[in-house]
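Just so it is clear, none of the values below were taken in a lab; they were calculated from the coordinates. Here the structure is a predicted model, which means the values were calculated and not measured. In this analysis, Cβ positions are derived from the backbone assuming ideal geometry, glycine residues included, and neighbour counts consider all displayed protein chains.
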Amino acid sequence: MRSREAGFTLIESLFVLSVFLIIASISAFLIKPQFGSVEKQQFLTQLKSDLLYAQQYAISHHTEVIVHFPSGHAAYYIHEKVSSQYLIERKIPERIKIQPGSMKLFFQFQADGNINRFGSFWINFDDKESYKFTFLIGKGRFYVQKE
């Protein structure tokens, strides 16, 4: 008796490969919008955490902490007033723009946790979505509101 090897034909293999490539390309197009949403949420969460850290650092070390969003730079900086060493230096993604509102993009947390000025600034994502960071008079509390 002769044993016959069973396998796939070339046409069957090409058909399976083409179906796999179609499914892979469709999923790549579906993942792209999700990346923008995840990047936005990650940036907002990181910024809120950094601002709370700056306030807690000022309270725990009894020093003034400066938060600065320099214009023309795609980054923000947090550092002690007496030291030139940065506590936090974060890059801002290109599609995110930070604009002043009723407060300048340079403020500081005092040693007791209060903020030296109050008001709002805006964070714009691709000119489609805007978020308003509002700092209240008092203990340096802030909240974020989607506009």
Quick one: 3J(HN,Hα) in Hz for the stretch 99-107, Karplus 6.51/-1.76/1.60 with θ = phi - 60°, rounded, Gly and Pro as x. 10, x, x, 7, 10, 6, 8, 9, 8
If the label point is 7 Å along Cα→Cβ of residue 71, which residues in the stretch 116-147 have backbone nitrogen under 14 Å from it? 122
Sequence-distant residues sharing a close amide H with residue 141 (under 5 Å, placed H): 136
Cβ-Cβ FRET estimate between residue 21 and residue 129, R0 fixed at 30 Å, reported to 0.05: 0.30
Listing 118, 107 from the residue with the fewest other Cβ atoms within 10 Å to the one with the most, what is the order? 118, 107
Grab the DSSP H runs of the chain that are 4 residues or longer, score each as -39,500 (n - 2.57), total them, divide by all residues and round the 222 nm result to the nearest 500 deg cm²/dmol. -13500 deg cm²/dmol
